[in-house]
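Here's the structure we're looking at; comments come further down.
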Amino acid sequence: MADAFVILDAGTGGGKCIIFDAAGRVLGAHRESWTYDLRRNPDIPFVKEFSFAAPKFWDILCHCVRTALQAARLAAGDVVGVAATSQREGCVFLDAQGAEIYAGPNLDARGFGEGIEILNVLGNERLYRITGHSAPFIFPLARYLWFRKHGTTPVAHLLMINDWITYRLSGELCAEPSNATESMLFDLEGRCWSDEILSTFDIPRAVLPTLRSCGERVGTVTAAAAAATGLAAGTPVFVGGADTQCSLLGSGALDPPATAATLGTTTPVQAVVDHAVFDPQANLWAGCHVVPDRWVLESNAGDTGDAYLWLLDLISGGRPRAELYALGEQLAAERCEAPAMLFVGPTIFNLTKMRVNRPGGMLFPFPSLHVRPDRGTLVRAFMESIGYALHANLEQLVAVTGPRTELILSGGMSRSAALTRTIADVVGVPVRVAHEPESAALGCAMLIMANAGRHSGSADVASAVRAMVQDTRIEPDAERQARYGAARAKWRELYDQLDEMEI
């Protein structure tokens, strides 16, 4: 009998199920895209309200599980347990009967006006000291206050998306620290729900579920969930965690001073710390890791994966999406005739400078205006812009947490050898690239392994890391590193100038 760990992953762009064995190998996987309902706020035109039909998303996830199970060809009793990870900030509201009355992703800004109210009542400094977050506009707290005004049914339970999946699997209402941190209802230092926020905004404590530890066994797969997913009824269900922190664990970032970037739709950069660390400027986000007694401090390089696919779509001549990454590798290897700098996607995390009319674009030397720039130049320039943005975001972390000697990379874009090499040379520190790009799902599987005691009888997360994580180390090339130093400074100078412009 082979141990298998079934993970449901609800990302921003789609849902997936990945099944791992005890060595971190993928036994079966399936992903499907999903879309959201979009409504523009007529009173505040730049505010977009996103929502999704919870039953439809559940059906998609169940189909992913059934398909992955078929691919894995598991024997009866092979599945040790199932757990869920998800995008952060996304949440689901239930009524008193346990039915979904609202479901929204991390993109939903319907609570923008309520976010202003939160700042006026509590103040940004106090809000940050309690929650580790500022700018409350997309967080569940603001959406709960919005729904209280505009909804027709009282909210009985507020769940983050991974908690909702756990509820759908087991019928159990629970939460865990890593994504509870993203609700703006959580006390970061105390790792508990914030009594101050609940009392300030008159929110009943009963709305929030019981907090459990990441990896804790919470129940078993119900008969209804078994029929929908193909999992056996009675299969143990474990508490998962937020996707970025699960990704940290899945790439081996367990203890300080580990620092990791997840190269996905966006690229969060998190430093592991052994106590709650706050940015004196209240810019960087602070949160809980998925392991006990560990916290994280976070910057973010912004839109990377989506922006890269947009660029490849633009220059590919209509190639299928499945071929775009291979095309990017091919073009990145071509000789570039002229340098270029791109300001499309990657950013330096600073919520105080967020503007909807901030310009972006591509810059070339003047002669390039008369000769169409080759596609390789564009791809190479985009990869370099990711490196430049990562370097600047790492500088923000280092200013608060102290020096970091290496950077761990994971996520879908870490499959690109050209990109990971570029990042090592631009950032100027050794890079460890996780072999498994689906590091969020792998980290969630490691939580099951550690807490089910399946690794040599040990219930130790570090043992799961040693058993399941593999990586390749890339040293920066001294010559390219020196050349990139000047280019990086020029990119930053131009980036800062764009902050002062608008279109």
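The values are calculated or read from the model by the stated rules, or taken from the named source; none is laboratory data. As the structure is a prediction and not an experimental result, all values here were calculated from the model. Methodologically, a virtual Cβ is constructed for each residue, glycine included, from the backbone with ideal geometry; neighbour enumeration extends over all protein chains shown. Note: accessible area is taken over every heavy atom of the protein model, side chains too, but ligands, DNA and RNA are not part of it. Shrake-Rupley method; radii C 1.70, N 1.55, O 1.52, S 1.80 Å.
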Can you give me the distance in nm between label points at residue 502 and residue 355, each placed 7 Å from the Cα along the Cα-to-Cβ direction? 0.6
Probe 1.4 Å, accessible area per residue of the chain, Å²: 40
What do you get for the angle between helix 112-122 and the principal long axis of the chain? Use alpha-carbon atoms, 0 to 90 degrees, nearest ten. 80
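From the Cα gyration tensor of the stretch 42-112, with a ≥ b ≥ c the square roots of its eigenvalues, which class applies: rounded if a/c is under 1.5, or else prolate if a/b is larger than b/c, or else oblate? Let's see the in-between values first.
Numbers: a/c = 3.10, a/b = 2.39, b/c = 1.30.
It is prolate, given that a/c is not under 1.5 and a/b is the larger ratio.
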Interchain or long-range residues, amide H under 5 Å from residue 296's placed H: 273, 287, 288, 289
Amide H within-cut-off set for residue 27, under 5 Å, with H built and near neighbours excluded: 19, 20, 21
Measure out, as a whole number of angstrom, how far apart the alpha-carbon centroids of the stretch 107-137 and the stretch 264-306 sit. 18
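Once you order the gyration tensor axes a ≥ b ≥ c over the Cα atoms, which shape class does the stretch 227-346 get: rounded for a/c under 1.5, otherwise prolate or oblate by comparing a/b with b/c? Write out the running numbers ahead of the final one.
On the way: a/c = 2.81, a/b = 1.36, b/c = 2.07.
Oblate.
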For a quick check of understanding: with a 1.4 angstrom probe and all protein chains in place, what accessible area in square angstrom does residue 202 have, to the nearest ten? 120
Could you give me the ³J(HN,Hα) list for the stretch 220-230, computed from phi with Karplus coefficients 6.51, -1.76, 1.60 and θ = phi - 60°, whole Hz, x at Gly and Pro? 9, 5, 6, 4, 5, 5, 4, 5, 7, 9, x
Quick check on packing: order 178-185, 344-351, 131-138 by the mean number of other C-beta atoms within 10 Å, highest mean leading. 178-185, 131-138, 344-351
What are the ³J(HN,Hα) couplings of the stretch 492-503, residue after residue, when phi is run through the Karplus curve with 6.51, -1.76, 1.60 and θ = phi - 60°? Round to Hz, x for glycine and proline. 5, 4, 5, 4, 5, 5, 5, 4, 8, 10, 8, 10
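Which percent of the accessible heavy-atom area of the chain goes to carbon and sulfur, probe 1.4 angstrom? If you can, show how the numbers build up before the last one.
Numbers: 10540 of 20040 Å².
About 53 percent, which is the carbon plus sulfur part of the accessible surface.
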Expected vector for the stretch 280-294, Karplus 3J(HN,Hα) from phi with 6.51, -1.76, 1.60 and θ = phi - 60°, integer Hz, x for Gly and Pro, equals x, 8, 6, 9, 5, 7, 10, x, 9, 6, 8, 10, x, 6, 9
For residue 76 and residue 278, FRET efficiency with R0 = 41 Å and r from the beta-carbon atoms, rounded to 0.05? 0.25
Return the subset of 16/149; 16/353; 48/490; 16/48 for which the Cα-Cα distance in this structure is over 30 Å, preserving the input order. 16/149; 16/353; 48/490
Grab the Cα-Cα distance for residue 489 and residue 314, subtract it from 0.36 nm times how many residues apart they are, and report the gain in nm with one decimal. 60.2 nm
Surface/4 of the Cα convex hull for the chain, nm²: 23.1
Can you list residues from other chains, or at least 5 along the same chain, whose modelled amide H is less than 5 Å from the amide H of residue 240? 84, 215
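Just want to confirm a number: the relative contact order over the stretch 139-276, from Cα pairs under 8 angstrom separated by 6+ residues, in percent.
Numbers: 189 pairs, mean separation 29.1, N = 138.
Worked out over the stretch 139-276, it gives 21 percent.
On a 1.4 Å probe surface of the protein chains, which of 449, 501 comes out largest in accessible area, and what is the full order?
On the way: 449 0, 501 95 Å².
From most accessible down to least: 501, 449.
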